[in-house]
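Here is the structure we will look at, set down as structure tokens.
Nothing in this text is a laboratory measurement; each read-out follows from the coordinates by a stated rule. Bear in mind that the values here come from a model prediction, so they are computed numbers and not experimental data. Positions of Cβ are backbone-derived with ideal geometry, glycine not excepted, and every protein chain shown enters the neighbour counts.
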Amino acid sequence: MTAWPTMRGAAAAWAPLRLVRSARERLRDFRGRLFIKYVTLFVAVVCVALLANGAFEIWFFYHEHKASQVRIQSEQAEAAADKIGQFVKEIEAQLGWTTQLPWSASTLDQRRVDALRLLRQVPAITEFSQLDPSGRQQIQVSRTALNVIGGGADLSKEPTFIEAKAHKVYYGPVYFRRNSEPYVTIAMAGVRRDDGVSIAEVNLRFIWDVVSQIRVGERGQAYVVDAMGRLIAHPDLSLVLRNIDLSSLAQVKAARTAAMTGAPPPEHEQVAQNLEGSRVLTASARIPSLDWTVFVELPIEEAYAPLYAELKRTAFVLLVALGLAALAGMLLAHKMVVPIQALRAGAARIGSGDLDQRITIDTGDELEALADQFNDMAGRLRESYANLEKKVEIRTHELAQSVEELQALGEVSQAVNSSLDIQTVLSTIVAKAVQISDTDGGAIYVYDEPTGEFRLSATHGMPATLIADIKRIRLFADGNLLGRTMLERRPVQIADLREVNRTPLQEAITRAGYRALIAIPLLRPDQVVGSLIVRRKQPGLLPQSTVDLLQTFGTQSVLAIQNARLFHEIEEKGRQLELESRHKSQFLANMSHELRTPLNAILGYTELILDNIYGETQQKMRSVLERVQINGRHLLGLINDVLDLSKIEAGQLKLSLADYSLEEVVRTVFTGVEALAASKGLAFKTDISPNLPRGHGDERRIAQVLLNLTGNAIKFTDLGEVTINASAHNGSFTVAVSDTGPGIEEADQARIFGEFQQVDASSTRAKGGSGLGLSIAKRIVELHGGRIWVESKPGVGSTFSFSVPVKVAEEAGAAA
Amino acid sequence: MRRRDVITLLAGGALAWPFVAHTQPTDRVRRVGLLIGMADDREGLLRVAAFKHRLRELGWIEGKNIQFEVRWTGGDGGRVRALADELTAMGPDVILAASTPVAMALRNTRSIPIVFAVVTDPINAGLLANPNRPEGNFTGFTNFEPSIGGKWLEILKELAPSITRLAIVFDPANRPDLSPHYRPSLEAAARKFGVTLIDAPVHTPAEIERAVAHLAQPSTGVIVLPDSTTAQHRELLAASMAEHHLPAIYPYNYFARSGGLASYGIDTVELFRRSAVYVDRILNGWKIADLPVQMPTKFEFVVNLKAAKALELDIPPSLLARADEVIE
């Protein structure tokens, strides 16, 4: 169970941190998305379909409706124009009656009666007059004014008379009586020359009746406009009486231009603004004889009311359909999503490790199949889990065992390493071997090569009697198990001692109660060291793993024995060496003393001679003696060096520690070799840091080192300068001697500190020196607990530096 | 829960849709005052009924969205002022003023729109100056043009060719400036026909009797001018005329119907109907200035044959043929 989350955790650890969000977090993002998706899709599809359909329909409906509206209106306009035309024709017809009789054929009085009857007949005529063929007015009857019979007013020049005579009928312009009553003059002449002209003043208020009765939808209306664009008839009489000029309206203008060009009224001037400024759908028809135009208009809202109603219906249907679609979509999505959610939840549960849950879906389709698969998977996971657990148990157990074994090995190694006493080591080994192999007893036999016998070296868990028995038996390489292992160079087991022919040793063992044993050879590649035995009271073979383990023990034992032996040898050797070294040092010390004594004598006497103690020394003799002196001193130096070195090697060089001033040391050395440098023509200077602390060390030896280095520098430098640097830093003195000599190759730099080394053997002879100086210096410096080194560049120069602690500790001064 | 809410919303919307009707704004009940310069007799009631009926046709249902306050002066000039004040004090939306003295009595009211009917000369009556675009709060329908005076004489002359004297019966108290309205045309016609004009002012029934009796001379004709007094006492007048064998011509058909010989004029019922249209317009927000004064158009000639017979007048058939109504 615990393996599962850790696997996941491990996987998570591998992935980049910022991309990893838990499945739970992602679920939050996605929850409900599928549902919404389905619903949205469904609704969108329905919506699009309906919208497309609706738009399509409405588009066509609009156009058709508009067209039909305009058609209707045109028809109405035509009908209205017809009616009005008819009305006028009626009047004309009535007028025509009056012109039938030739003028001469009737009396004035007759005409008067006819006129009065005409007035009665045609209410629209307010005034009627008749002109005789010459244009003189003979009759005038009026509804409101006095009738005039006779009179004879000459109207022959009037266009009424002239036009009427010319064209048989004349329509005058619409004029307004008393500025508000629309009238038109209609004059008719008889067909013959002898006929007079009848003139009627027609009150157009009666046309109002016609126009106001025209039904155009609910709020539509018709009106008539004369040739000038003035409103002459309108359902609202008061508008007519106001004598309004409509020629500014677009549709009126269009109709006028159409009338003038003779073309039919334009179609596109269908939507315009009417007198009141509201938008209307308008159509017109012309009354040709009078040159009046009838306009029929319908308010746009009414014209388009069906359209709007249709729109509203469509919108309503759309909404309802959307609602239904949403519902249906939701239902469908719900049906789809619920199983998917169940799957998801189930998978989440399985993912979190709950493998006992089963997902139940009964949709009877692929989703159910998927759920079954999931369940299957969960079941199998559980099985493999169980298997895994078992395996883990086993492995753990094995591991535990291995750990135990390793621990034992570790303990053995520790034991082996912690003691060089071979007996202790072998005892530990056999004890551990018995323990780890879970046996009842064991022993280690060491093979003695010279005698060819196996000796019992260590035992564990064996009774004293058995040990005594074994010790009595002489175990040779052949004739027993031990020998066999030696020969075969591999472990040999006996499962049950009772089953085999027993050797005396095996008899003893059997008697002690052991029935099974195993012998592990302790081998080195070239020889046999011995054998490790473990025994068990129970019969049977040991498992291979234990055998392998015991073999490891065996190897360890071999190593242990080896180590012990070597250790002994080393100890012996060391002791011997020490002895030899002591002898040597003693010898050297003696020798040097023996050597120095005569040499000192030589040097002393030479000195004396040179000091003229024994008389005046001649020049020839002087130079020779000086040469003797030089060589003598040289020899002395060599002997000193050798002695020093032997002391150092013997570990007998001791430092005498005391306070000293480094500055003084440097100055002393400087003074000592100044002359030498000068004789070679070299620049020689010191560079001592101010405020050097007081040192604590062996002043003489340090001076010796510095002297050696400086001497070397001057010796090997032929041109240039030599400088001594002295400084203190971090509790150490650093002294450096730099020169502009030939320099030292890098390869040689390490070598020169070795004994008897100079860079170039040839130059040694030239320059002199024993080659011991640097090695002694190195030892001295190291005794102080410091170090010495060289920096050099061939052809440029060298700098030999050494550093020693300011305060040398007492121990460092002790024997190296 | 979300889904359920959506469903409810949709369902509710669907159901509510039809009820989101285009509600009409509830009109407050309008008040129309009627000041009728007549008696509430048959003719008076007929006219008011015609007015109300036309308004009903235009959508004004009495009691639902309109209320009428009718006041009858009964032809009594003295009561006009008091009734006018009473009506204006009620603060109606529109006032219908029938006949000139009524309209003139309402001249003080500047705020209430007034539609007059059967007014002879609104300009002279001081109601307005421009009949095409009334600048005040008066508009309406006139009854006669001045020229009608001559026409009356002409017709009377046709009916009774023998007359040489013409008496003009009117009530100067009602409309003092009325007779001048017709006088010019009357005089012109009189000159033409060689007839003498006589004024016969009357005010009370007693005066009527006296005046008519006074006029009873041969070759005398009578023109009765349209005013409330004459209208009020039409039966008396007709009877008196008949009694004294005086041919008379009247302005309105109800005179002829009441026994008068003939009438030539307009049907004032029509004027009331047309006033209703104007009142409707005003109630719908039209301005007075957009409602021009309208003149009469339809004239009718009514002849009472019975009266003619009584007067022993022989009415030529051609004349009869011209009559719009013949009472037998």
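What residue among B:Pro101, B:Pro247, B:Pro180 has the largest mean-square fluctuation in a Gaussian network model of chain B, using Cα springs under 10 Å?
B:Pro180
Which of the helices in chain A, when you take each full DSSP H run, stretch at least 30 Å along the axis at their Cα atoms and have an average Kyte-Doolittle score of 1.0 or higher?
A:305-351
Go ahead and estimate [θ] at 222 nm for the protein assembly as shown from helices alone: -39,500 (n - 2.57) per DSSP H run with n ≥ 4, summed, over the residue count, rounded to 500.
Helices in the protein assembly as shown give a 222 nm mean residue ellipticity of -17000 deg cm²/dmol.
I need A:Arg205, A:Arg484 ordered by Cβ neighbour count within 10 Å, fewest first.
Going from least to most buried by this count: A:Arg484, A:Arg205.
What average number of partner chain Cβ atoms lie no more than 10 Å from the Cβ of the residues making up A:320-333?
Taking the mean over all residues of the peptide, I get 2.
Hey, fewest Cβ within 10 Å first, where do A:Val425, A:Val169, A:Val392 land in order?
Arranged by neighbour count, lowest to highest, A:Val425, A:Val169, A:Val392 become A:Val392, A:Val169, A:Val425.
Note down the net charge around A:Phe60, summing +1 for each Lys or Arg and -1 for each Asp or Glu among other residues with Cβ under 14 Å from its Cβ.
Once all neighbours under 14 Å are counted, the net charge is -2.
Springs between alpha-carbon pairs under 10 angstrom, Gaussian network model over chain B: which of B:Ser318, B:Ser275, B:Ser228 fluctuates most?
Of B:Ser318, B:Ser275, B:Ser228, the most mobile in the Gaussian network model is B:Ser318.
For a bin width of 10 Å, list the pair-distance distribution of the protein assembly as shown built from all Cα-Cα distances, rounded to whole %.
Reading the bins upward from 0: 2, 7, 9, 8, 7, 6, 5, 5, 4, 4, 3, 3, 4, 5, 6, 6, 6, 6, 4, 2, 1, 0, 0.
Place +1 on the Cβ of every Lys and Arg and -1 on the Cβ of every Asp and Glu in chain A, take the dipole about the Cα centre, and give the residue among A:His397, A:Tyr605, A:Pro299 whose Cα lies farthest towards its positive end.
A:Pro299
Taking Rh as the Kirkwood radius, which is the inverse of the mean 1/r over Cα pairs, what is the Rg/Rh value for region B:175-306?
1.05
To make sure I understand the rule: partners must be lysines, Cα under 27 Å from the Cα of B:Lys151, and not fewer than 8 residues away in the same chain. Which ones qualify?
Reachable lysines: B:Lys192, B:Lys298, B:Lys306, B:Lys309.
Quick one: compute the contact order of chain B, relative version, from alpha carbon pairs under 8 angstrom and 6+ residues apart, as a percent.
18 percent
May I ask for the net charge around B:Gly91, where only other residues with Cβ less than 11 Å from the Cβ of B:Gly91 are counted and Lys, Arg are +1 while Asp, Glu are -1?
Net local charge, B:Gly91 excluded: -1.
Give me a single rounded figure for A:144-153: the average over its residues of other chain Cβ atoms within 10 Å of their Cβ.
Taking all residues of A:144-153 together, the mean is 4.
I need the peptides A:612-625, B:35-48 ranked by packing, meaning the mean over residues of other C-beta atoms within 10 angstrom, with the highest value on top.
Order by mean packing, descending: B:35-48, A:612-625.
Just to confirm a number: summing +1 for Lys and Arg and -1 for Asp and Glu over residues other than A:Gly135 whose beta-carbon lies under 15 angstrom from that of A:Gly135, what do you get?
Net charge around A:Gly135: -2.
Considering only DSSP beta bridges whose two residues both sit in chain B, what percent are antiparallel, to the nearest 5?
10 percent
Give the distance, in whole Å, between the Cα centre of region A:732-748 and the Cα centre of region B:241-289.
Each part reduced to its Cα centre gives a spacing of 154 Å.
Out of all DSSP beta bridges in region B:62-197, what portion is antiparallel? Express it as a percent rounded to 5.
For region B:62-197, the DSSP antiparallel bridge percentage is about 0.
Please go through the residue pairs A:Lys584/A:Lys778; A:Lys83/A:Lys253; A:Lys471/A:Lys537; A:Lys253/B:Lys287; A:Lys573/A:Lys807 and name each one whose alpha carbons sit more than 26 Å apart in this structure.
Those over the limit are A:Lys253/B:Lys287; A:Lys573/A:Lys807.
Taking every DSSP beta bridge with both residues inside the protein assembly as shown, roughly what % is antiparallel (nearest 5)?
Around 70 percent antiparallel, to the nearest 5.
Within 10 Å of each residue's Cβ, count the other Cβ atoms and sort A:Ser557, A:Ser156 from fewest upward.
In increasing order of surrounding Cβ atoms, one gets A:Ser156, A:Ser557.
Any idea what the dipole of the protein assembly as shown comes to, in debye rounded to 20, about its Cα centre with Lys/Arg Cβ at +1 and Asp/Glu Cβ at -1?
Magnitude of the dipole: close to 740 debye.
Projected onto the charge dipole of region B:74-220 (+1 at Lys/Arg Cβ, -1 at Asp/Glu Cβ, origin at the Cα centre), which of B:Ala105, B:Leu127, B:Pro161 gives the Cα projection farthest towards the positive end?
Most positive-ward Cα: B:Pro161.
Can you list the lysines whose alpha carbon is less than 21 Å from that of A:Lys312, not counting same-chain residues fewer than 8 positions off?
A:Lys66
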